[in-house]
Amino acid sequence: MIKLLPTNYRDARPHHLIVLYGSYQVLAVLSSNRFIDNLRNRLSKCTTTLLSNFSDLCLPLLYSPFSSFLLPDALIRFAIRKRCEHTLIDLDSKGAQGDQDAKQAIVTQLKTMPIALETDKANDQHYEVPADFYDLCLGSNKKYSSGLWPFPASSLGKGKGMTFKESLDASEVAMLNLYVDRAGVEDGMKIVDVGCGWGSLTLYIAAKFPNCLITSISNSVSQREYILRTASERGYNVSNINVITCDVSKWEDEEYCEKMLSGVKSNDRVFSIEMFEHMKNYAVLMSKIHGFLKPEGKLFVHIFTHLSHTYHFEKGWMADTFFTGGTMPSDDLLLYFAEHFSVAHHWRVNGSNYEKTSNAWLGLMDEHWKSGKLEPILEQAYGEGKGREWYVNWRLFYLACAELFGYKKGEEWMVSHYLFDRR
């Protein structure tokens, strides 16, 4: 059997993956003996080689009308885990000093780069997609970042206690509450939410601390409209919420900043939730944020990270489709750019929280695809006849995020929290 399978992924065809998957399933239930163990080892090596570039093999099959039958999620997840494994092998191959030299080179490079790259493309990929789409994937707070899961993932889904929506709602609130607790938010403070997304934190603070004055900054017109409309519908004091639409990549332009951000000064807290990953020149970015704060103000950052490695998303399906111009920071990367700040506290949030969040997004989206609600929204966003293609893209995105952050029980890729004091 093994000899009939190609050993180079360039020679492989999608049906080879099905053969491998079926063989793996059969071997998994057979009793252990010398012959079976040897066969398992040989098959494992062959599988690893074939899946070293799984996207080239899987994507043509995934777009087939029969993809759900032909390519099970278990196989896709296995392929993603193999990619994670190979990524780590490549990153770890430099040795301790070589890895530090590589990180230092990236730090030096980032300090010479613009604040952000290809923001228009990144904006189109995520943030100009209709709010209706995220209603069918995210929780009620529309928090497009990791939640906090103080309850088991095994309780998710229909007939298992909590629906995907209920679990997402609970995880969103748990993480939002963690933010304001760690940042020490008090009612009446002046607060800035940089990269506010669909306003999950802005609206949460507006509800919990009604006397806070909140400035929310986003590069998306649709997000501004959504935040203000939702605040009004919920009966919040809209006069306390100012949503600014501006392009962070232009913050190096003093004239632009004076025009767009001149009133953003003397704030008690600045929050940035999963925005820094889309940035490059953290030195300039943090210098600008420093100017938003009063002397005793604090900056709270939530950012996804790898435990020790930093790398750019420069090529491949993820970079091309969902994360153009993005960076995977190491857990300590921001500390190299904290010239205007001192570190008051630094936390790590296990990656399994993001794994569970991504799986719940996937589960909720799948439910709405099956109900027929999702396809017309995707066709509105991406064009007629593109609904299934982009449903597949979003499925792959959520699967990739789940497996990445769940890898090695969430101890490799994770979420980092920082509380910086303004100097």
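Points to keep in mind about this one:
- Number of positions in segment 87-116 that are under 19 Å from residue 335 (Cα atoms) and of a type in the set (Lys, Arg): 2
- Helices (runs of 4 or more DSSP H) contained in segment 324-423 and holding at least 3 residues touching a residue at least 12 places away in the same chain (Cβ under 8 Å), crowded, with 16+ Cβ neighbours inside 10 Å and among the acidic types (Asp, Glu): 352-371
- Residues of segment 170-208 that are within 14 Å of residue 234 (Cα to Cα) and more than 21 Å from the chain's Cα centre (by Cα): 205, 206, 207, 208.
- Scanning segment 278-304 for residues that are out of contact with any helix residue (DSSP H, G or I) (no Cβ under 8 Å at 6 or more places or on another chain) and within 16 Å of residue 108 (Cα to Cα) yields a single hit, 284.
- Whichever residue in segment 69-125 is at pLDDT 90 or above, touching an Asp or Glu at 6+ places or on another chain (Cβ under 8 Å) and over 27 Å from residue 392 (Cβ atoms) and, among such residues, is surrounded by the most Cβ atoms within 10 Å (Cβ to Cβ): 115
- Near pairs, Cβ below 7 angstrom, 6+ apart or cross-chain, from segment 81-108 (in contact (Cβ under 8 Å) with a residue 40 or more places away in the chain and in the same structural domain as residue 331 (by the TED database)) to any residue that is surrounded by 14 or more Cβ atoms within 10 Å (Cβ to Cβ) and of a type in the set (A, V, I, L, M): none
- Where a residue in segment 225-237 is of a type in the set (Phe, Trp, Tyr) and its partner, wherever it lies, is surrounded by 14 or more Cβ atoms within 10 Å (Cβ to Cβ) and in a loop (DSSP other than H, G, I, E, B), with Cβ under 9 Å and at least six apart: 226/142; 226/198; 226/199; 226/220
The values are calculated or read from the model by the stated rules, or taken from the named source; none is laboratory data. Predicted model, so just to flag it, every value in this text is computed and none were measured. We place every Cβ from the backbone using ideal geometry, glycine too, and count neighbours over all the protein chains shown.
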